[in-house]
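See below for the structure under consideration.
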Amino acid sequence: SKKPVRVAVTGAAGQIGYALLFRIASGEMLGKDQPVILQLLEIPDEKAQKALKGVMMELEDCAFPLLAGMEAHSDPMTAFKDTDYALLVGSRPRGPGMERAELLSINGAIFTAQGKALDKVASRNVKVLVVGNPANTNAYIAMKSAPGLPRENFTAMLRLDHNRALSQVAAKTGVKVGDIEKLTVWGNHSPTMYADYRFATANGKAIKDMINDQEWNANVFLPTVGKRGAAIIEARGLSSAASAANAAIDHMRDWALGSSGKWVTMGVPSNGEYGIPKDTMFGFPVTTENGKYTIVKDLPIDAFSQERINKTLQELKDEQAGVAHLV
Ligand code: NAX
């Protein structure tokens, strides 16, 4: 049987953690033949550590055959030791009345420390996914704080936006969600993201022709996908958790095991593709194979798309400028 791999998860006692850990331990992320050791990080706070112990008791009680070990940590330097995968979920999302500068500085501290710890102690091949918001900029900070690791090992989660867009397009066209290919989301994980079905097909037919309604695209589809997180908070009283965990599983599974030629969306550091400045952590269409992703290149960008891409890029530039002193 395979040698266990180490999977670090931060914010492990939070909502997303609760929807994520059981699926990782059951083999849904890395395969039903891949044993995992969970290295769980929470803040040192007594309540958080106690809640983490409770989650670990439940994990034990599942008796998952693939769960080869489990550790609780309060320090990233031990939590990330030799880790092969790191899912950085814990962060400080923007609270009511919180100033942007405050948000950036709190998360700046978290993600510089975690980037440095990954740099020092993680596997040199570690695959890092940042879920905690602001996800793209947090991933950028972690990457910049880990100069000893390849920059392409750092990614941000745009997959929830991608999956939300897939469902909306399926509902609009009546095609099965699993039949839709070549959809992507450009940019920042925020309401400025640009979900793009111009290249999408289902069973060989163009989705754009099936919809053929630019008014719906601009005024219904994009706002619905962009504001979906807020709509869920409004309905549930809590932010998306199971769907976010599901997207994290999808992202890591495709990165590790390959997308079989299909496009998926990942937030990855730009190499200059589509005029996005180098190192900007940007949602791109990618294909994945043998543990590597490749950005889909040379797609035509029309005026509407360029305007949307410029807007989400500008937001990322502003966020990056806000953390420039940290990286
Ligand atoms: P919760 O508040 O339920 O859980 C977060 C957990 O992280 C808490 O238990 C907290 O103690 C822990 N934590 C905070 N700072 C930490 C640190 N420095 N090290 C380790 N643990 C730390 O939030 P939850 O609903 O689980 O959401 C987690 C993050 O995901 C939030 O930042 C949220 O905004 C973000 N999201 C990102 C999404 C995406 O698509 N990229 C979508 C869903 C979600 O909103």
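The values are calculated or read from the model by the stated rules, or taken from the named source; none is laboratory data. Note that the coordinates shown come from a computational prediction; the quantities given were computed from them, not determined experimentally. Here Cβ is always computed from backbone atoms with ideal geometry, including for glycine, and neighbour counts include all displayed protein chains. Areas reflect the complete protein model, heavy atoms only, side chains present, ligands, DNA and RNA absent. Shrake-Rupley method; radii C 1.70, N 1.55, O 1.52, S 1.80 Å.
Of V264, V225, V177, which has the largest mean-square fluctuation in a 10 Å C-alpha GNM of the chain?
In this elastic network of the chain, the residue with the biggest mean-square fluctuation among V264, V225, V177 is V177.
Quick check on the chain: helices-only [θ] at 222 nm, where DSSP H runs of length 4 and up contribute -39,500 (n - 2.57) each and the sum goes over total residues. Nearest 500, please. Let's see the in-between values first.
On the way: 11 runs with 134 residues, N = 327.
So the calculated ellipticity at 222 nm is -13000 deg cm²/dmol.
Within 10 Å, count the other beta carbons around each residue, average over each peptide in 135-143, 244-252, and list them highest first. Write down the numbers at each step before the final one.
Numbers: 135-143: 28.4, 244-252: 22.8.
Highest-to-lowest ranking by the protection proxy: 135-143, 244-252.
List the residues, sorted by chain then number, that are 5 or more residues from M70 or on another chain and whose placed amide H is less than 5 Å from its amide H.
Placed amide hydrogens put L38 under 5 Å from M70.
If you take every DSSP beta bridge fully contained in the chain, what fraction is antiparallel? Give it as a percent rounded to 5. Provide the component values of the computation, followed by the final result.
Working: 19 of 42 bridges.
Counting only bridges with both partners in the chain, antiparallel ones make up about 45 percent.
Enter the accessible area per residue of region 1-56 (Å², integer; probe 1.4 Å; all protein chains in place).
Working: 2480 Å² over 56 residues.
Accessible area per residue: 44 Å².
Work out which helices of the chain, taken as complete DSSP H runs, extend at least 30 Å along their axis over the Cα atoms and score a mean Kyte-Doolittle of -0.5 or more, then list them. Each step should come with its number before you reach the end.
Values: long enough: 100-121 (31 Å, 0.27).
Those that clear 30 Å and a mean of -0.5 are 100-121.
Could you do me a favour and compute the accessible area per residue for region 225-315, 1.4 Å probe, result in Å²? Show your work: numbers first, answer last.
Working: 4170 Å² over 91 residues.
Spelled out: the 1.4 Å probe surface of region 225-315, per residue, equals 46 Å².
Given the pairs K120/K144; K2/K116; K176/K208; K262/K292; K127/K292; K144/K297, which are separated by over 21 angstrom at their Cα positions? Please list the in-between numbers first.
Numbers: K120/K144 13 Å; K2/K116 30 Å; K176/K208 15 Å; K262/K292 14 Å; K127/K292 10 Å; K144/K297 25 Å.
Violating the 21 Å Cα-Cα cut-off are K2/K116; K144/K297.
Per residue, how large is the accessible surface of region 60-173? Use a 1.4 angstrom probe and give square angstrom. Please list the in-between numbers first.
Details: 4530 Å² over 114 residues.
Each residue of region 60-173 exposes 40 Å² on average to a 1.4 Å probe.
In a solvent-free Debye calculation with one equal scatterer on each Cα, what is log10 I(q)/I(0) for the chain at q = 0.08, 0.12 Å⁻¹, listed in the order of the q values?
-0.35, -0.81
Restricting to Cα pairs below 8 Å that are 6+ residues apart, what does the relative contact order work out to for region 93-164? Please round to a whole percent.
Details: 74 pairs, mean separation 24.1, N = 72.
33 percent.
Leaving ligands, DNA and RNA out of it, report the carbon-plus-sulfur percent of the accessible area of region 52-204 at a 1.4 Å probe.
Working: 3130 of 6010 Å².
That share works out to 52 percent.
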